[in-house]
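Engineer: My structure is below; once you've seen it, I'll send some questions.
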Amino acid sequence: MPITYIFKIFLKKNKLPLDLTGLSITLIIFKSDTKLLIASDYIAVTDVLNGELLIRLPSQKLTSIYDCNAQISLNSINTNEIIFPEFTFKSAIDNVVKSSKLQLSNREVPANSVTPSINAVTNNISKGLLQVICNQPGYDDFKQNASLNIDLQQYVINDIGRTQAKVADISSNDTIQFAFATDLHADDYLNYYDQIQTHLKAVIEIQKYGILDFIAIGGDLHSGVYPDKENPKGKLSELAKTLKASRIPVLVLHGNHDDNSYYVSEPANPVLSNIITKKEWFNRVIRPFKNGEIHDTEDSMSLYYYKDFYDKKIRVICLDSTDYPIIINSDGTMKWHGQNFWGYGARQVQWLQSEALNTLTRTDWSVIVLSHMATRNTDLMFNKYNPYNGNLIEGLLKAFMNGTDFSSSTSGDYGVSINANFKSQGPRKILCYVYGHTHTDQTNKPIDLGWNFINTSCCYSAGIKARTKNTTKEDLWDVITCDKSTGIVDCTRYGYGEDRHLL
């Protein structure tokens, strides 16, 4: 088994924790007169408000840079940069092993990133620990709050103000608040691409009030109808560029249109060369916002992941409901694709059990689930069939919520066996499961499950008569407020539609 070293770093200013909100982080290694940039895949922010991050390096990579000087670099959206003092991995590791008085942090870190004790390091167990405190007195000159320069109509600004006022009135120390905009379908036809850009800027505007904890984009960022996938790939990058103005975390979900498989009509199947691959999607709409999200340990580019909000004690799990196996038919077309085949892949189901749920050992934490689709057809989506392995997702979540066990299996290309036991963790709260896809507003709390499913309608309005252009009704998204203590969920609507209150 390959050795991986976990380095824990605290960034501080004048002995005070450094708020990393909205900042991009780079680890620079100086080697043989060149600068090596450690990819963000190896860096995870574990406490954004207290300047805490982890760097995971395989032993092979650490060996090659063991004696090199390293620096942490921070950048804000207005391109200001700050460089922290240099350190070396060698001296830091030696300091940890030799120091008997080292104070380990009491802060929580993800349970799948276990921080070893001093004895563990001394005994040469396969994980190391680094604590680097970087003081930067000049941080006051580092501007985080530069103007966004967003050009919005006055009616949008006014309605954003009214929406945030509603959210502020129902928020408390026990609530988490996030914007959920889904089914953008930002395409050229009907000139709707420019309108979606404006809608996203409205979402960015409300986060400036400081009332939101994160923004979630629920999938189907485009319609996937292009003979040349370079067109939607470019649009994905431009949408991400707009959302990059956010100073709070942005979580993006993968929808069934997003692989561009709709450029052919059923029953024809697409070819792989015109599919937007997982890597292409990840690099355009997930990598730009990486800020402590935890992906699959077996797939650092997984389109499913979770993010912990330590101050709220809530884990937000983002699922990929279009997670299909890549199998090529004899005619060169794809057996599975986003247009007609929806589900949760075998590895994703295993990850949900072993890495997203089993690792949440803290008894006072709750869970929110986000996905482009729900887990079943009946009462939730009204499609032609249930998503593959949707029953396993439900079974795992229900067992986690009740503190029980769950065993089941499926067969075929999506086949997987599950044997989960959450009895030692005890019952937990699943605050809600939020999704898009259906282009309708609906809520349901299936009796056999016991948590609220919240469906938000489509952000795009092309061809919908009631969504009058150049008015607030043109737009549509929710600010969702979840109360941990009461279990109450409020959906405050911006744009077309009504507010919703769920018990």
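The values are calculated or read from the model by the stated rules, or taken from the named source; none is laboratory data. These numbers come from a predicted model, not from an experiment. Glycine also receives a Cβ, built like all others from the backbone with ideal geometry; neighbour counts cover every protein chain displayed. The area values use the complete protein model at the heavy-atom level, side chains included, leaving out ligands, DNA and RNA. Shrake-Rupley method; radii C 1.70, N 1.55, O 1.52, S 1.80 Å.
Engineer: Is there a pair in K233/K398; K8/K201; K61/K279 whose C-alpha atoms are over 28 Å apart, and which pairs would that be?
Structural biologist: Cα-Cα > 28 Å for K233/K398; K8/K201; rest within.
Engineer: Could you give the Stokes-Einstein D for the stretch 388-428 in µm² per second, using the C-alpha Kirkwood radius, 37 °C, 0.692 mPa s? Write out the running numbers ahead of the final one.
Structural biologist: Working: Rh = 10.4 Å.
Rounded to a whole number, D works out at 317 µm²/s.
Engineer: Quick check for you: with a 1.4 Å probe and neighbouring chains kept, what is the accessible area per residue of the stretch 379-487, in Å²? Don't skip to the end; give the middle numbers.
Structural biologist: Values: 4490 Å² over 109 residues.
For the stretch 379-487, the per-residue accessible area is 41 Å².
Engineer: What list of ³J(HN,Hα) couplings, whole Hz, do you get for the stretch 369-379 from phi and the Karplus terms 6.51, -1.76, 1.60, once you set θ to phi - 60° and write x for glycine and proline?
Structural biologist: In residue order, the calculated couplings are 10, 10, 7, 5, 10, 7, 8, 8, 7, 4, 6 Hz.
Engineer: Distance cut-off 32 Å, Cα to Cα: go down the list K12/K208; K312/K469; K384/K445; K35/K241; K312/K445 and report the pairs above it.
Structural biologist: On the way: K12/K208 24 Å; K312/K469 38 Å; K384/K445 21 Å; K35/K241 26 Å; K312/K445 24 Å.
Checking Cα-Cα distances, K312/K469 exceed 32 Å.
Engineer: While we're looking at this one, here's another question. Order 151-163, 319-331 from most to least packed using the mean count of other Cβ atoms within 10 Å. Intermediate results must be reported in sequence, preceding the final value.
Structural biologist: Working: 151-163: 14.4, 319-331: 17.8.
So the peptides 151-163, 319-331, ranked by packing, come out 319-331, 151-163.
Engineer: Could you please state how large a percent of the accessible area of the stretch 432-474 is carbon and sulfur, counting protein chains only and using a 1.4 Å probe? Walk me through the intermediate numbers first.
Structural biologist: Numbers: 910 of 1790 Å².
Roughly 51 percent of what the probe reaches on the stretch 432-474 is carbon or sulfur.
Engineer: Return the equivalent ellipsoid semi-axes of the stretch 449-503 as a descending list in whole Å, where each equals the square root of 5 times an eigenvalue of the C-alpha gyration tensor. Mind dumping the intermediate values first?
Structural biologist: Working: eigenvalues 146, 25, 10 Å².
With the √(5λ) rule applied to the stretch 449-503, the semi-axes are 27, 11, 7 Å.
Engineer: Can you give the convex hull volume per residue for the Cα atoms of the stretch 179-233, as a whole number of Å³? Before the final figure, lay out the partial values.
Structural biologist: Values: hull volume 4.1 nm³, N = 55.
In the stretch 179-233, the Cα convex hull volume per residue is 75 Å³.
Engineer: Which length gain, in nm to one decimal place, applies between H501 and D151 when the Cα-Cα distance is subtracted from 0.36 nm times their residue separation? Numbers along the way, then the final one.
Structural biologist: Values: separation 350, 0.36 × 350 = 126.00 nm, distance 3.22 nm.
Extra length available between H501 and D151 comes to 122.8 nm.
Engineer: To continue, here is another question. Along each principal axis of its Cα atoms, how long is the stretch 228-363 end to end? Whole angstroms, biggest number first, please.
Structural biologist: 51, 34, 21
Engineer: Can you list the aspartates and glutamates whose alpha carbon sits under 12 Å from that of K290, skipping same-chain ones fewer than 8 residues off?
Structural biologist: D41
Engineer: Suppose each label sits 7 Å from its Cα in the direction of the beta carbon; what would the N173-K90 distance come out to in nanometres?
Structural biologist: Between N173 and K90, the simple spin-label model gives 4.9 nm.
Engineer: In a shell of Cβ-Cβ distance under 12 Å around I217, excluding I217 itself, what net charge do Lys and Arg (+1) and Asp and Glu (-1) give? Don't skip to the answer; put the middle values down first.
Structural biologist: On the way: positive: none; negative: D183, D220, D258.
Overall, the nearby charge balance is -3.
Engineer: What is the Cα convex hull volume of the stretch 299-416 when expressed per residue in Å³? Please list the in-between numbers first.
Structural biologist: Working: hull volume 14.3 nm³, N = 118.
Roughly 121 Å³ of hull volume per residue.
Engineer: How large is the accessible surface per residue of the stretch 268-346, computed with a 1.4 Å probe and reported in Å² as a whole number?
Structural biologist: Numbers: 2670 Å² over 79 residues.
About 34 Å² of surface per residue is accessible.
Engineer: How large a share of the accessible area of the stretch 232-285, in percent, is made up of carbon and sulfur atoms when the probe is 1.4 Å and the other protein chains stay in place? If you can, show how the numbers build up before the last one.
Structural biologist: Details: 1020 of 1870 Å².
So the carbon and sulfur contribution to the accessible surface is 54 percent.
Engineer: Please arrange T378, T472, T46 by accessible surface area, largest first, computed with a 1.4 Å probe and ligands excluded.
Structural biologist: Numbers: T378 85, T472 30, T46 5 Å².
Largest accessible area first, the list is T378, T472, T46.
Engineer: Fully extended, how many nm does the chain gain between K31 and K469 (0.36 nm per residue separation, minus their Cα-Cα distance)? List each step's numbers first, then the result.
Structural biologist: Numbers: separation 438, 0.36 × 438 = 157.68 nm, distance 5.61 nm.
Full extension from K31 to K469 adds 152.1 nm.
Engineer: Please give, to one decimal in nm, the separation of the simple spin-label points placed at T63 and I327, each 7 Å out from Cα toward the Cβ.
Structural biologist: 4.0 nm
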